[in-house]
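Below is one structure, written out as C-alpha cells, with a few remarks after it.
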Amino acid sequence: MSNLAADAREKLHSLFTTTPAESDASPQLPPLPVQRPPRENVNQEPSVRSPTIAASEPDKLKTADIGAVLSGQQLLDLITRLTSKDADGEKPRTKEGETIKFNDMPTPEAYRHSRNHVRDEVKSCSDKPNEARIWLNEVFDNKTSREKLEEKLQDPGKFITLDTKLSAALTGSAKGDLATKIHNFKDGKSKNGIQVRGRRVLLMFEDYFRTSEDLLGVVRTGESVEDLRGFLNRWDATIAGMEAAPDDLVLRDFLLRQIRKCQLMKYDIAAFDRAPEKSEQKCYAYLLPNICDLLDRERLRSSRNRILEKNKQSEEP
C-alpha cells in the first residue's frame, strides 16, 4: 500500500505542477493504474464486459479505478486542493508576507501619498488582499463615533497576524513627537493588560497628520503687532474647529514653527530655546500666554500714547 501511496503523490505532484494556476480549464487527472482484487479461481477465464455496458457506465469505471488506488482521505485532499481558491474565485491562495515595510515617516504635506502607500503595502502582504483593503479602510470611517471607532479598531478580527505586523511597521516608522506619543500610549495600555492593535496605531497617525494639515494652514505671522494678532485669532479658530484637541506637545511644536521668525517674539523664543527640556518654559502653556501678554502690552502702550497725544493737543494754546 505504501508503494501505491507514493505513486499517487507523484502523480498528484505532476498534475499540480503542469496545470497553470491562472487556467480556467479543469485539471485533468492522469491515468492511474488499476488495482484489481485477486481472483478466487486463477484457472477461470476473466469475464469480458460488454462494450455497450462499459460505454454506458463511464463514471462508475472512473470512480472505481481512482478509488482502487486512492484512499478516502487522499481523495478528499485532492478535491480540497483542486477547489481551494481565494475570495475572488480566480487564483489559488497565497501565503501571507512575513513583514510589512513602510517608508520613513512623511512630512505633513506628503501624508496623503503616504496613506496610499500604507494601503498598498498592507494589501500586498495579505493572503486576502480585497478583504484586507476593506478591513484597513475602517480606520478612515468618519461616520462612526470616536468611542465606537476606537473600540472597533481594537478587534483585529481574522487578520490578527496582519494587524500585529501593521503595528510593528507603523511604530518603527514613527519619528519625533509621534513616536513618543505612540510609545507612551502603548506603555499605558500595557499596564492594564491591553495590547494596542495596529489599526489603532494607524488612527494615531491619522490624528497627528490631520492636526498637522490644519495647523499648517494657519499662515505664519508677520512682523507687526496687527499681523501677530491676526495670526493668534486664526490659530484659536483652527484649534476650536478641531473634533479632538491635539496634545500640547504637538501644539507647542507647530506654534513655535509659525512664530519663530517673528521679531516681536524673539526674546520669548530665546528663553524657550535656553530652557531645559522638561522645564515649565519648554511647553505650549508658556508660548501661547506670552503671545497674549505681548499683545496686551502693545495694546496698553498704544492706548497710553493716544491719551498722551490727546492731552498734549489740548494743552496747546
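In the range 108-214, taking the dipole from charged Cβ atoms about the Cα centre, the farthest positive-side position among Ala168, Ile194, Ala132 is held by Ile194. Evaluating 6.51 cos²θ - 1.76 cosθ + 1.60 at θ = phi - 60° for every residue in the range 150-163, the Karplus couplings come out as 4, 5, 5, 6, 7, 10, x, x, 8, 9, 5, 6, 5, 5 Hz, glycine and proline recorded as x. One decimal place: the segment Ser145-His117 gains 7.5 nm when fully extended, by the rule 0.36 nm per residue minus the C-alpha distance. On the basis of the beta-carbon distance and an R0 of 22 Å, His183 and Leu249 show a calculated FRET efficiency of 0.95.
Placing +1 on the Cβ of every Lys and Arg and -1 on the Cβ of every Asp and Glu, with no other charges, gives the range 108-214 a dipole of roughly 240 debye about its Cα centre. Normalised by 2.2 N^0.38 Å, with N the number of residues, the alpha-carbon radius of gyration of the range 148-193 equals 1.24.
Length available on full extension from Asn137 to Asn233: 0.36 nm per residue minus the Cα-Cα distance, which gives 31.0 nm.
From least to most packed, judged by other beta carbons within 10 angstrom and beginning with the fewest, Ile291, Ile134 follow the order Ile134, Ile291.
Contour minus end-to-end for Ser190 and Arg210, with contour as 0.36 nm per residue of separation and end-to-end as the Cα-Cα distance?
On the way: separation 20, 0.36 × 20 = 7.20 nm, distance 2.63 nm.
Gain on extension, Ser190 to Arg210, equals 4.6 nm.
When peptides 271-284, 157-170 are ranked by their average number of other Cβ atoms within 10 Å per residue, the highest-first order is 157-170, 271-284. In terms of distances greater than 19 angstrom between alpha carbons, the cross-link table entries Lys191/Lys278; Lys148/Lys181; Lys101/Lys123; Lys152/Lys186 yield Lys191/Lys278; Lys148/Lys181. Relative intensity of the range 108-214 on a log10 scale, I(q)/I(0) at q = 0.12, 0.14, 0.15 Å⁻¹, equals -0.39, -0.54, -0.62, per a Debye sum over C-alpha point scatterers of equal strength in the absence of solvent. Answer rounded, prolate or oblate for the range 221-315, using the Cα gyration tensor with square roots of eigenvalues a ≥ b ≥ c: rounded when a/c is under 1.5, else prolate when a/b is larger than b/c, else oblate. Because a/c hits 1.5 or more and a/b exceeds b/c, the range 221-315 counts as prolate. Note on Cys292 and Asn305: the model spin-label points, each 7 Å out from Cα along the C-beta direction, lie 2.5 nm apart. Between the residues Cys262, Ser314, Leu300, the greatest Cα displacement towards the positive end of the dipole of the range 221-315, with unit charges on the Cβ of Lys, Arg, Asp and Glu, is found for Ser314.
Every number in this text was worked out from the coordinates using simple rules, so none of it is lab data. Since the model is a prediction, treat every value here as computed from it, not as a measurement. Here Cβ is always computed from backbone atoms with ideal geometry, including for glycine, and neighbour counts include all displayed protein chains.
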